[in-house]
1. If R0 is 60 Å, what FRET efficiency do you get for ASP713 and ASP429 from their C-beta distance, rounded to 0.05?
2. Full-extension gain between ASN307 and VAL236, please, as 0.36 nm times their residue separation minus the C-alpha to C-alpha distance.
3. Calculate the all-directions average of the projected area of region 640-770's alpha-carbon convex hull, and give it in nm².
4. Would any residue of region 300-317 have its amide N under 16 Å from a label point 7 Å out along Cα→Cβ of GLN38? List them or say none.
5. Between the alpha-carbon centers of region 58-120 and region 655-721, tell me the distance in whole angstrom.
6. Any idea of the accessible area per residue across region 689-758, 1.4 Å probe, to the nearest Å²?
7. Are there GluC sites (Glu not before Pro) in region 671-757 that DSSP puts in a loop and that have at most 12 other Cβ atoms within 10 Å, and which ones?
8. Work out how much length ASP23 to ARG364 would gain on full extension: take 0.36 nm times their residue separation and subtract the Cα-Cα distance, in nm to one decimal.
Amino acid sequence: MSETENKKEISYTFDPKKFWNSDEQYNDKDKSYGHFSQDGSKYIVEDINTPKQWLNFMANAKACVATNSKGQGFLAYKTMRLRITKYTDGYDYVPRQFTENRIMVLVDNESGKKYDLFSNDSQITATHSLGYSIISDVFEGDLKAEMKLYIAVEDAVECLEIKITDLSGKARDFTLEATQQWAFLFLGMKGITREISGNEVNTCKNGFTFSSDKIGLPNELISCYVSPEYTGAKEVNWTGYENTYPDITLILKNGKTAPGGETVFHTAVGITEDRAENDRFIEKYTCAGAFEDEWNKSVAKWDIYKNTIRCDIPDKNLERYLNYWFKNQVHLTFYYTRGAITGYRDVLQDTWGFSLLDRTEARRVLIRTLSYMQPDGVCPRQYDMVSGCHDMAQYMDSGSWIAMPLTAYIKETGDVSILDEVTGYINSDKRDTVRDHVLAAMNMLYEKRGQHGCCLAGDGDWNDALEGIRKSIGAESVWLTMALVNAQNLLAELFDFTGEKALADEMRSRSAILKDNINKYAWDGDWYVYAILGDGTPIGSHKNKEGKIHLNAQTWAMFTGIADEEKCKKIYAAIEKHLATPIGPMLLYPPYIEENVGRIVYLRPGTFENASVYQHAVSFKVMADAALGNRNTAYQTFSDILPVSRVMYDNMRASEPYCTGNFYNGITSPRFGQNYYGWFTGNAAWFMKLGFEDICGVAADYEGLRVAPMGPDSWDSWSVEKDFRGTRYTVRFERVGDGCEKGVFVDGVKIAGNIVKPEGKSASTVTVKF
């Protein structure tokens, strides 16, 4: 039934039309707004009038800087919901459109002429890269302005460098009026709280400082706005909601340039909960050398992330995402998950991916996340490190994701001591080991099962929009049961490695029981159902009028080994028949219009979870393809879902070409292929892991580095460099002809099998001939 045939009026919770470009623009396949640099590490936006604002985010563990291609944006502290500088478009699911902040007015002191920098869309270009953005503005024959934005590596400080280059051939003398707009805006789960104590701004060394009340947080917030070039002149305007937002302008001098020369201004915005640290920020960032130091530290940090694992493959489009852009995106989501408070399932998957880049940080965040579990193994849907107001809705899949980052960390490091690390629980004085925590989560899920022996759905599972099934007492999630099988399988392998045979046997025994239950009660003839209601009604069955088939139940059945070979063949045929599109399979089909199984019915057909091409779910399909040895299919599915692909173009996608989005509209949407927002999604971690491990074929394992030629038939040779347990490995894959010796060669010596065991060398070359 089409939407127009629907007999009842539906009030949709989200109106996508406000994000649509015009029909003419949407259909313009030839328009390009920019290009990647030759090495792929930068994206140059040559026309900033993009279908939607194209953004970049620079983050560390304490703060995040957001910008669009005009330099507009904001500084957030600890969470995207605590905004220090102004972003007042109201609470959206994620930040996506900026109109305020960072106002730069340049004054020619000789002529008195004023230049409103970065305001004329037609003359602005932007370069976005890992850890920074540069916004350029040219006044022909007069001057060029560049604003470089980045964040300090450890300090919660936004750094700006504004470089002015003379194009007139004359000596110049400039003053820069640099304005930041403050907010101290905290968007709490139960409403918005905002206040600046005393409405007073105080002068400090080379700038201003002021503090907020606690605004529902544990401590007050102290902010500073400073510059080495600050003259002592100040301008403070109170604007915004109830006159609580100050716009603070620093008047910066010493802007003299020789003919054709340049001068540089600097500003820094710091935020902290400690007055001594605020004093340190002021002392540090009123010296121009501090900016150069922090920039060099940032470059060094990103060089490590770029090089800790990288590939050289025939597909240069995929290569730049693996070497640069997935890393950039996972770095953001690892610290700021999905833009709101910390989603339990979200941060666990991000930690799984981040273990490729920074094992120390992955360990820290994994243990922190486990500490928000309850002693009975129940995990929150989301936890809030800022306000302490947690979302305890029982979305039952939260704990099922723990095994993935835990086993990935141990495979990368060989560090089994993490299992004995002790941490606490939420709302309890009890403390247990990491092993105890993960077993508690597994036990809870296994024990809370319904009449068909599958996991109870609780308030929901991965598909948040199907939360309506909770109204059916005893409803079971088949997908969640598959996720538990996956977790138990991973843990069984781990306990084999640690010699804990009883635990390994128990995990395998439980998985065997769940596998039998799924195949007995959830196989629908050609695919698996997604859920079973308390009265036995299936969700995701050929018997259903809407949502007949759900992708996730099929892909997880395949890569966990629940589906046998014959069932896998039928599943592939069903996906191709019901879900396939030129950019990847849809999450489900047909879309929900009348069947009220949750808020999904209030999502327009083809959007979000309601029959879109949900990119996270497509990553599961890639894993299933690879697990079954379907290398060419895995590669093609992966290639087609990328922001730049054989089908996708700028006006169709609308979002940034240098990051993945949450979903593309499905075939039932008038804007097929359009993405409403990017950055904040779990798929970046999956794509990065899958790309290096399941396409390129290099993955950490317990005993060593596993190497296997997983690339498509079209690849004859490729290589991966990876830092692994103190050794820099260069792994080269070579397709050789008949009669040539095949196998794995380590520094010229052939080994048995495909596990390269660490030998304590600083560097090693592995050649895989196949």
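The values are calculated or read from the model by the stated rules, or taken from the named source; none is laboratory data. Remember, predicted model here, so these are calculated numbers, not experimental data. Backbone-built Cβ (ideal geometry, glycine too); neighbour counts: all protein chains shown. Side chains are part of the model used for accessible areas, which takes the heavy atoms of the whole protein and leaves out ligands, DNA and RNA. Shrake-Rupley method; radii C 1.70, N 1.55, O 1.52, S 1.80 Å.
1. Details: r = 58 Å, r/R0 = 0.97.
With R0 = 60 Å, the Cβ-Cβ based efficiency is 0.55.
2. Working: separation 71, 0.36 × 71 = 25.56 nm, distance 4.49 nm.
In short, 21.1 nm is gained.
3. Orientation-averaged projected area of the Cα hull: 10.4 nm².
4. Hits in region 300-317 for GLN38 at 16 Å: none.
5. So the two Cα centres are separated by 31 Å.
6. Numbers: 2910 Å² over 70 residues.
Heavy-atom accessible area per residue stands at 42 Å².
7. Numbers: sites: GLU693, GLU703, GLU721, GLU734, GLU741; in loops: GLU703, GLU741.
The qualifying sites are GLU741.
8. On the way: separation 341, 0.36 × 341 = 122.76 nm, distance 4.79 nm.
Taking 0.36 nm per residue and subtracting the Cα distance, the gain is 118.0 nm.
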